[in-house]
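Visitor: To start, I am sharing the structure in question, which I have written as structure tokens.
We did not get these values from a lab; they are worked out from the coordinates using the rules stated. The shown structure was predicted, so the numbers you read here are calculated from the model rather than taken from an experiment. Cβ: placed from backbone, ideal geometry, glycine included. Neighbour counts: every protein chain shown.
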Amino acid sequence: MKKLLVIVIPLFVIILLAGCTRYHAETVVATIDKQPLTLQDYEATYARLNGGWEQGEKATIEELEEFLDLLVKFRMKIRDAHESGLINDPDIQAELEEYRVTLAAAFLIERELVEPALREMYKRRTEELRASHILLRVPQNPQPEDTVRAYQEAKEIIEKLDHGEPFDELALEYSEDPSVQNNKGDLYYFTGGMMVKPFEDAVYGLQVGEYTVEPVRTQFGYHIIKLNDRKPAPGSIRVSHIMIFAQQGVSPEDTLRAYDRIQDIYAKLQEGADFEDLAVEFSEDRQSAERGGDLGMIQRRSLPQDFEKVAFTLHPGEISDIVRTQFGYHIIKVTDTQPLESYEELKDNLRRQYQQRYMQDDHDRFVSTLKKKYALQRYDENIETFIAAVDTQWYADTNAWHDSLDVSISELPLFTIAEETITAKQVALRIQKYPEFTARRLIPAQLREMLDRVEEMGLIYKEAESIEERYPEFANQIDEYRDGILMYYIEQKRVWQNIDLSEELLREYYEEHKERYTFPDRVNICEIVVRSDSLAQELYEKIIAGEDMEELAAQHTLRAGMKRQRGVTGMINADRDDLSTRGFEQEIGEVSEPFKTGAGFGIVKTLERDPARIKTFDEARAQVVGEYQDMMAKKIEQEWIENLRQRYRVATFPENLENAFVTEER
């Protein structure tokens with residue numbers, strides 16, 4: 001069955017406002033066979049399908065009445081579909097089940113993995129932490145003894161901390177972080193998303209002054225972490241500076257000269273000089289100097305620590321004293337502050353970061369819990385037999401590649417999930433359906449990846465079996481999709497399948513309306529466009545002398561795609577451009593002299609001319625069929641709607657729409 005693409009708008013996006021009072025719940029805007037459509041139901045549907053409650057508040061009474069008419073028609077059609085027994089159609093049931101399974105897996109991952117993670121990421125963004133660490137490195141591909149050694153040493157250091165030895169002294173003695181000699185293990189301030197996940201998870205679980213009682217393993221090795229400070233995140237600041245270079249390692253004389261220069265600039269500021277003017281004139285950071293010293297909006301860990309330590313203490317308009325960094329001397333001014341954006345504003349950014357950095361690990365842990373929960377059992381020997389039996393010439397999405405398997409292979413059990421056995425044939429069918437496997441060869445390495453994915457999805461589908469009970473909004477989405485499917489099929493049955501597209505009727509319609517079906521002036525030309533007048537003239541002389549113009553066009557013409565076409569345009573509108581216009585003005589076979597066209601020079605030979613005319617029936621057929629179908633569909637649908645109105649005794653009360661989206665209590 002041809003798959004139907006239905007746009008489903010998630011119900012859980014809409015949260016009705018407090019204006020849905022008892023009055024709205026009791027006021028009826030229509031009845032269908034005595035079944036009421038309340039103002040509250042009407043508002044909910046309008047808001048869901050038209051961009052929210054605010055759009056409803058802006059709607060005119062005419063727009064509200066038009067939507068009421070559409071909603072009544074929709075509900076009548078869906079009722080007709082149910083009474084016709086369409087819901088029991090095996091194809092529809094199969095499509096609904098396939099959609100449910102696919103949506104359930106995505107919904108489950110979103111609700112139980114992604115959304116909680118994004119919320120946690122945002123919560124962490126609301127704070128900034130200052131921590132120190134001691135790092136004991138583990139090689140990239142460690143031997144067991146390397147890991148044990150580092151872990152035991154970390155435990156010994158924790159014992160020293162327990163006995164009161166200072167953290168910074170132990171960091172200097174033991175830490176293998178290259179920066180420890182400068183910072184004694186202090187990592188300065190950071191917020192959510194700036195550290196690797198295991199480190200971040202550990203440090204956000206500490207109170208100020210606490211350290212981890214167990215070593216924390218990351219890809220770098222084992223860490224002992226101490227939380228030094230915790231406070232609300234400052235958001236972003238817009239900062240400007242005036243800088244004089246004095247990088248570390250320069251001579252004392254150069255350092256002194258730089259300091260004298262920055263002092264002179266600072267004195268001018270104290271006397272009332274304009275910060276931006278001084279930045280333009282004196283700052284040696286020329287990129288920012290051109291903008292009056294503006295560095296734009298920055299967050300923590302964007303600039304050197306010594307710079308940030310001062311910048312994040314300033315208020316808008318405030319100017320710092322002279323600040324030394326590894327690059328030189330600075331005078332800093334904060335011009336604006338911006339608090340942390342809301343969760344909704346940051347959500348897309350958080351999602352991208354989560355998907356790039358954390359989701360795979362979280363997903364793997366989630367699947368691991370499902371393996372235990374549903375007692376996954378893999379039959380490795382059968383899996384290897386299956387892989388060996390698959391023809392590696394097949395592609396995963398090739399129809400019926402699985403039918404080429406011997407019955408003895410097809411019936412082999414490959415997995416058991418919650419006591420349900422999944423055979424090789426079932427696995428093969430799932431592989432063939434998964435879009436992610438499209439055009440992938442069934443070679444052993446790729447087939448093993450596909451089997452892992454089928455196993456993983458089988459576990460997630462199992463977990464999603466009771467999803468409607470846990471998430472009622474999911475059931476609402478399925479209901480919406482079901483209604484979309486039923487609407488499509490009932491309209492096919494009642495309208496589109498009843499349109500007679502016989503040749504006789506189509507020709508009759510064409511004769512009655514053929515003045516609509518016309519071609520404008522058209523022409524088919526061979527064109528050559530080159531950059532220079534001299535080359536155009538040379539080519540023109542060759543054409544006049546009898547050389548093949550199409551051959552010359554294939555060699556010389558510059559317009560995109562025309563070399564491949566040997567300069568021949570095919571039949572085009574005569575007013576497309578000056579080349580087609582010139583071609584239409586000529587006689588068939590005539591070749592123009594070179595003429596200016598755009599940035600070059602053109603030569604045109606007229607191959608065919610077709611003055612404006614009415615299309616023949618065959619030429620207009622597609623257009624005739626489309627228009628005739630639309631005309632008849634409207635007529636048949638109107639008759640169907642009138643029949644439904646009588647059958648269901650429909651009554652509407654548009655006067656009650658005056659109170660739609662009015663939130664005052666009654």
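Visitor: Test of understanding: what is the full-extension gain from Glu253 to Arg453, defined as 0.36 nm times their sequence separation minus their Cα-Cα distance?
Guide: Values: separation 200, 0.36 × 200 = 72.00 nm, distance 6.63 nm.
Extra length from Glu253 to Arg453 when fully extended: 65.4 nm.
Visitor: Also: As an exercise, identify the GluC sites (Glu not before Pro) in segment 426-481 lying in DSSP coil whose Cβ has no more than 16 other Cβ atoms within 10 Å.
Guide: Sparse-neighbourhood loop GluC sites (Glu not before Pro): Glu465.
Visitor: Once you have the Cα-Cα distance between Ser404 and Asp533, take 0.36 nm times their residue separation minus that, and quote the gain in nm to one decimal.
Guide: Numbers: separation 129, 0.36 × 129 = 46.44 nm, distance 6.56 nm.
Value of the extension gain: 39.9 nm.
Visitor: Okay, moving on. Given the convex hull of the Cα atoms of segment 332-380, what is a quarter of its surface area in nm²?
Guide: Numbers: hull surface 27.0 nm².
Projected area, direction-averaged: 6.7 nm².
Visitor: FRET efficiency for Val662 and Asp361, Cβ-Cβ distance as r, R0 = 45 Å, nearest 0.05? Don't skip to the answer; put the middle values down first.
Guide: Numbers: r = 50 Å, r/R0 = 1.11.
After rounding, the FRET efficiency stands at 0.35.
Visitor: Any idea what angle helix 115-125 forms with the longest principal axis of the chain, computed on alpha-carbon atoms, 0 to 90 degrees, nearest 10?
Guide: 40 degrees
Visitor: In whole angstrom, and with the biggest value first, how far do the Cα coordinates of segment 518-614 range along each principal axis?
Guide: 41, 26, 23
Visitor: At R0 = 60 Å, how high is the FRET efficiency between Gln35 and Lys231 if r is their beta carbon distance? Nearest 0.05 is fine. Intermediate results must be reported in sequence, preceding the final value.
Guide: Details: r = 58 Å, r/R0 = 0.97.
FRET efficiency, Gln35 to Lys231: 0.55.
Visitor: For the pair Glu210 and Tyr509, what calculated FRET efficiency results from E = 1/(1 + (r/R0)^6), where r is the Cβ-Cβ distance and R0 = 56 Å, to the nearest 0.05? Walk me through the numbers before you get to the answer.
Guide: Working: r = 83 Å, r/R0 = 1.48.
E(calc), rounded to 0.05, equals 0.10.
Visitor: Could you give me the ³J(HN,Hα) list for segment 365-374, computed from phi with Karplus coefficients 6.51, -1.76, 1.60 and θ = phi - 60°, whole Hz, x at Gly and Pro?
Guide: Taking θ as phi minus 60°, the curve returns 5, 4, 5, 4, 5, 5, 4, 6, 4, 10 Hz for segment 365-374.
Visitor: Along the charge dipole of the chain, which of Val148, Ser320, Ile332 sits closest to the positive end, that is, farthest toward it, with unit charges on the beta carbon of Lys, Arg, Asp and Glu (+1, +1, -1, -1)?
Guide: Farthest towards the positive end: Val148.
Visitor: What does the convex hull of the alpha-carbon atoms of segment 258-308 project to on average, in nm²? Don't jump to the answer; show the numbers that get you there.
Guide: Working: hull surface 16.3 nm².
Taking a quarter of the hull surface, the average projection is 4.1 nm².
Visitor: For segment 388-536, what class follows from the C-alpha gyration tensor (a ≥ b ≥ c being the square roots of its eigenvalues): rounded when a/c is under 1.5, otherwise prolate if a/b is larger than b/c, else oblate?
Guide: Details: a/c = 2.57, a/b = 1.54, b/c = 1.67.
The shape class here is oblate.
Visitor: Same structure, new question: Based on the alpha-carbon set only, what is the convex hull volume of segment 466-544 divided per residue, in Å³? Don't skip to the answer; put the middle values down first.
Guide: Details: hull volume 26.0 nm³, N = 79.
Hull volume over Cα atoms, normalised by residue count, gives 329 Å³.
Visitor: How far, in degrees from 0 to 90, does helix 39-49 lean away from the longest principal axis of the Cα atoms of the chain, to the nearest 10?
Guide: 80 degrees
Visitor: Tell me, Kirkwood radius of segment 236-338 from alpha-carbon pair distances, in Å? Working shown, then result.
Guide: On the way: mean 1/r = 0.0739 Å⁻¹.
After inverting the pairwise mean of 1/r, the radius is 13.5 Å.
Visitor: Which one of Phe67, Gly221, Gly51 has its Cα pushed farthest toward the positive end of the charge dipole of the chain, where Lys and Arg give +1 and Asp and Glu give -1 at the Cβ?
Guide: It is Gly221.
Visitor: At a temperature of 20 °C and a viscosity of 1.002 mPa s, determine how fast segment 65-171 diffuses translationally according to Stokes-Einstein, using the Kirkwood radius over alpha-carbon pairs as Rh; express D in µm²/s, rounded to the nearest whole number. Walk me through the numbers before you get to the answer.
Guide: Numbers: Rh = 21.3 Å.
Value of D from the Cα-based Kirkwood radius: 101 µm²/s.
Visitor: While we're looking at this one, here's another question. Once you wrap a convex hull around the alpha carbon atoms of the chain, what is its projected area averaged over all directions, in nm²? Walk me through the numbers on the way to the answer.
Guide: Working: hull surface 208.1 nm².
Average projection, Cα convex hull of the chain: 52.0 nm².
Visitor: Another question about this same structure. Which of the lysines could a cross-linker span from Lys373 if the Cα-Cα distance has to be under 17 Å and same-chain partners fewer than 8 positions apart are dropped?
Guide: Of all the lysines, those that pass the test against Lys373 - Cα under 17 Å, at least 8 places apart if same chain - are Lys462.
Visitor: Something else about it: HN-Hα J couplings of segment 623-629 from phi, Karplus 6.51/-1.76/1.60, θ = phi - 60°, integer Hz, Gly and Pro as x?
Guide: 5, 4, 4, x, 5, 5, 4
Visitor: Return the Rg/Rh value of segment 358-463, two decimal places, where both radii are evaluated on C-alpha atoms and Rh is the Kirkwood radius.
Guide: Details: Rg = 13.6 Å, Rh = 14.1 Å.
For segment 358-463, the value is 0.97.
Visitor: Right, next: Which cross-chain or sequence-distant (5 or more) residues have an amide H under 5 Å from the amide H of Val568, H modelled 1.01 Å from N in plane?
Guide: Correct list: Glu527.
Visitor: Under a crude label model (7 Å from the Cα following the beta-carbon direction), how far is Glu165 from Gln565 in nanometres?
Guide: About 8.1 nm, to one decimal.
Visitor: Something else now. Could you give the size of the charge dipole of segment 584-646 about its Cα centre, using +1 on the Cβ of each K and R and -1 on the Cβ of each D and E, expressed in debye and rounded to the nearest 20? Before the final figure, lay out each step's value.
Guide: Working: 9 positive and 13 negative charges, 33 e Å.
For this selection, approximately 160 debye.
Visitor: D for segment 288-408, whole µm²/s, Stokes-Einstein with Kirkwood Rh over alpha-carbon pairs at 10 °C and 1.306 mPa s: what number? Let's see the in-between values first.
Guide: On the way: Rh = 21.3 Å.
It comes out at roughly 75 µm²/s.
Visitor: Fully extended, how many nm does the chain gain between Asn643 and Arg238 (0.36 nm per residue separation, minus their Cα-Cα distance)?
Guide: Numbers: separation 405, 0.36 × 405 = 145.80 nm, distance 6.67 nm.
Result: 139.1 nm gained on full extension.
Visitor: Sticking with this one: Determine the alpha carbon to alpha carbon distance for each of Lys77/Lys493; Lys73/Lys634; Lys73/Lys493; Lys372/Lys433 and list only those over 19 Å.
Guide: Flagged as over cut-off: Lys372/Lys433.
Visitor: Moving on to the next point. How do Ile528, Ile641, Ile443 rank when sorted from fewest to most other Cβ atoms within 10 Å of their own Cβ?
Guide: Numbers: Ile528 30, Ile641 17, Ile443 13.
Going from sparsest to densest Cβ surroundings: Ile443, Ile641, Ile528.
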